[in-house]
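The values are calculated or read from the model by the stated rules, or taken from the named source; none is laboratory data. Bear in mind that the values here come from a model prediction, so they are computed numbers and not experimental data. Cβ: placed from backbone, ideal geometry, glycine included. Neighbour counts: every protein chain shown. The protein model used for the area step is the full one, side chains on, heavy atoms only, and it has no ligands, DNA or RNA in it. Shrake-Rupley method; radii C 1.70, N 1.55, O 1.52, S 1.80 Å.
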Amino acid sequence: MKIGLSYAMTTEIESILRATGAKELETVCGVPFYEIEEDIIAYAGGIGKVNAAMAAQLLIDRYRPDWILNAGVAGSFLDVPIGTILVADAFLQHDVDTSPIGDPVGYVSTVNTLRFPAVSEPVCRCLSALGIPHITGTVATGDAFMVRGERSDWIARTFSPTLCEMEGGAVAQVCLRNGVAFSAMKSVSDRLCSENSPAEYFSFAEAMERLNEAVLPVARMLRDAKSAVINTTGTGEE
């Protein structure tokens with residue numbers, strides 16, 4: 001099974017690149033692709049939904065992954081420790097609004113859904129086997145760096161997500177349309193329930209380092225699960 005690791009920034013992959021001696025395969029439209037090891041390809045797609053969607057489609061078209069695992073940091077609406085790992089069970093896009101024509105807020109036309117599936121169970125099983133603590137929850141994506149304030153409070157009231165970030169929902173949408181299995185592992189970098197959330201974010205390097213210590217072993221386990229039966233509705237069986 002071929003696994004794609006989806007990141008926003010090259011700095012987020014650095015600890016994996018150092019640990020594995022990965023080689024850069026190519027850079028396409030500004031997106032660097034790396035061979036981490038056999039059947040594990042990582043890339044840094046850029047910040048925001050358009051960059052994330054473009055890069056995910058490039059990965060699918062050029063490398064034909066069976067499964068994309070999105071990794072990165074996110075702000076938490078829960079008062080949990082920095083570095084807490086969350087496995088997404090679904091994504092939504094908080095900045096989509098066609099409600100003036102009768103749609104629910106967050107409803108994405110063409111794919112006609114509010115929630116984008118994420119395969120969580122196999123990833124949780126891998127983390128449990130590795131003895132790595134984690135939680136699960138829904139992640140909200142939008143083109144805004146979120147801090148505590150009116151907008152984040154509105155997102156919390158409207159959608160009740162666990163985390164908020166800027167790329168995962170776009171990757172989930174691309175995977176859904178291409179029929180590629182999608183999962184996401186996020187590390188809490190700041191707390192949107194805290195007045196100090198902007199300052200907290202600058203500990204994101206620590207959050208990413210801890211996350212990557214889990215991402216690569218999970219990617220290897222998913223790759224090697226030759227008998228895995230995966231669908232794109234958010235469940236999986238081995």
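Could you tell me whether any residue of region 115-125 is under 15 Å from the mean Cα position of the chain (by Cα), at negative phi, open to solvent by less than 70 Å² (accessible area, probe 1.4 Å) and of a type in the set (Val, Ile, Thr)? Yes, the conditions are met somewhere in region 115-125.
Inclusion of THR110 among residues that are under 24 Å from ARG191 (Cβ atoms), exposed (fewer than 15 other Cβ atoms within 10 Å of the Cβ) and in contact with a helix residue (DSSP H, G or I) (Cβ under 9 Å, 6 or more places away or on another chain) is not warranted. Meeting the requirement of 3 or more residues that are open to solvent by 10 Å² or more (accessible area, probe 1.4 Å) and at pLDDT below 60, the helices (runs of 4 or more DSSP H) wholly within region 163-238 are 197-200.
Tally time: how many residues in region 88-104 are β-branched (Val, Ile, Thr) and within 30 Å of CYS124 (Cα to Cα)? Number satisfying all stated conditions: 1. With the structure loaded, tell me whether LEU69 is in contact with a strand residue (DSSP E or B) (Cβ under 7 Å, 6 or more places away or on another chain) and free of Cβ contacts under 8 Å to residues at least 60 places away in the same chain or whether it fails that test. So LEU69 does not fit the description; no.
State whether one or more residues within region 101-119 are assigned to a loop (DSSP other than H, G, I, E, B) and of a type in the set (Phe, Trp, Tyr). Checked against the condition, which is being assigned to a loop (DSSP other than H, G, I, E, B) and of a type in the set (Phe, Trp, Tyr), region 101-119 yields at least one hit. Under the condition of being under 14 Å from VAL96 (Cα atoms), of a type outside the set (S, T, N, Q), touching a helix residue (DSSP H, G or I) at 6+ places or on another chain (Cβ under 8 Å) and surrounded by 19 or more Cβ atoms within 10 Å (Cβ to Cβ), the residues counted in region 134-162 number 2.
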